[in-house]
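Okay, so here's the structure we're looking at.
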Amino acid sequence: MLNKTKKILLVQDMSCVGRCSLTVALPVMSCMGIQVIPFPTMLLSAHTGFKNVYKRDLTDDLEPILRHIEELDVGVDAVYIGYIAGAGQLPVIDRALSHFLAGDTKLYVDPVMGDEGRLYPGITKGVVEGFRGLCQRADVIFPNRTEAAFLLEETASSSPPEEILRQLVHLGAKAAVLTGVPGENSAIGAASLEADAQMCSAFAPRYPGCFHGTGDLFAAVVIGAQLNGFSLKAGVELAVCFMDECLKDAPPSPQERLYGVPFEQKLPLLLRALSGKIA
Ligand code: PXL
């Protein structure tokens with residue numbers, strides 16, 4: 001007998017080209033046995049790292065979509081908020097949270113706002129403030145160091161990961177996972193902190209260059225693992241290990257890296273992890 005399938009509401013954009021957001025979270029979650037209900041914030045021809053991107057803001061569509069989902073009386077086990085089109089979407093997202101966050105439903109927030117010290121194009125002060133509010137209500141948040149600095153109202157954060165995580169948890173999130181944490185021998189990884197617990201971290205070799213959508217893939221694996229009963233620590237270890245498997249065979253050119261982490265052929269590793277063979 002199969003266990004009851006868990007469901008997750010994915011509040012993210014659909015970028016046609018360049019693996020990120022829904023084109024990453026959807027296949028990863030499905031592979032991990034979770035039913036996905038997308039709540040699409042924006043439609044883009046490609047993520048915003050490309051030039052000449054066609055964008056359609058879906059703010060006006062979210063209200064009728066939510067109304068129908070409410071009528072259908074669909075409950076979810078988790079809500080995962082990632083890239084949003086602008087501060088104008090915060091009221092409808094708030095309404096969705098009022099509807100879905102009942103009982104044991106978890107809230108995961110990846111405050112997708114920027115990287116390498118800068119905000120992504122189109123991310124306004126209102127979005128930063130909105131994400132700060134969402135992070136305060138979250139069970140787990142997934143900022144990179146740049147996003148953590150904006151959440152904590154610091155322009156550059158050179159504090160040690162444990163200090164940043166403590167401040168993030170102090171902000172209100174029950175747990176925080178910081179990505180892009182440098183390790184020894186030029187390794188890179190992630191560190192996590194749950195309130196009143198010790199910091200945990202996991203590292204893998206750093207590969208040169210920057211892959212778009214890395215944070216999206218990482219968060220999707222951790223959340224998928226949590227919904228399969230993994231602890232946060234075990235989920236972070238699995239995500240770091242999975243990312244390493246994907247990146248070690250990835251094409252080296254910067255142009256290819258714009259297209260995101262090539263994870264598709266590695267998805268069987270997640271299935272094996274869930275059946276207890278690795279992890
Ligand atoms: O990977 C984060 C992300 C998600 N969605 C869109 C983006 C980005 C980062 O650039 O542009 C549309």
Quiz item: Considering the chain, what Rg and Dmax in Å follow from its alpha-carbon atoms?
Solution: 17.5, 54
Practice problem: Mind checking the per residue accessible area of the chain for me, 1.4 Å probe, whole number of Å²? | Solution: 47 Å²
Quiz item: Per-residue accessible area for E162 at 1.4 Å probe radius, Å² rounded to 10?
Solution: 70 Å²
Quiz prompt | Potential lengthening between Y207 and R272 on full extension [0.36 nm per residue; Cα-Cα distance subtracted] | solution = 20.9 nm
Quiz item: What percent antiparallel are the DSSP beta bridges of the chain, to the nearest 5?
Solution: 45 percent
Practice problem: Normalise the Debye intensity by I(0) for region 1-79, one equal point scatterer per Cα, no solvent, then take log10 at q = 0.22 Å⁻¹ and round to two decimals. | Solution: -1.04
Quiz prompt | Accessible surface of the chain, 1.4 Å probe, proportion on carbon and sulfur as whole % | solution = 53 percent
Quiz item: So what's the net charge close to V140: Lys and Arg +1, Asp and Glu -1, counting the other residues with Cβ under 13 Å from its Cβ?
Solution: +1
Exercise. Could you list, in their original order, any pairs among K4/K233; K55/K174; K174/K266; K7/K266 whose Cα atoms are separated by more than 29 Å?
Key: K55/K174; K174/K266
Self-check item: Net charge over other residues, Cβ less than 12 angstrom from the Cβ of F203 (K, R count +1; D, E count -1)
Solution: -2
Self-check item: Alpha-carbon radius of gyration plus Dmax, which is the widest Cα pair, for region 184-242 in Å
Solution: 12.0, 36
Quiz item: Roughly speaking, what is the centre-to-centre gap between region 126-171 and region 37-77 when only Cα atoms are used, to the nearest Å?
Solution: 25 Å
Exercise. List the residues of region 107-135 whose backbone N lies under 13 Å from a point placed 7 Å from the Cα of K174 along the Cα-to-Cβ direction.
Key: 107-109
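The values are calculated or read from the model by the stated rules, or taken from the named source; none is laboratory data. Nothing here was measured: the structure is a model prediction, and the numbers come from that model. Cβ coordinates were reconstructed from backbone atoms using ideal geometry, including for glycine residues, and neighbour counts include every protein chain displayed. Side chains included, ligands, DNA and RNA excluded: accessible areas come from the protein's heavy atoms. Shrake-Rupley method; radii C 1.70, N 1.55, O 1.52, S 1.80 Å.
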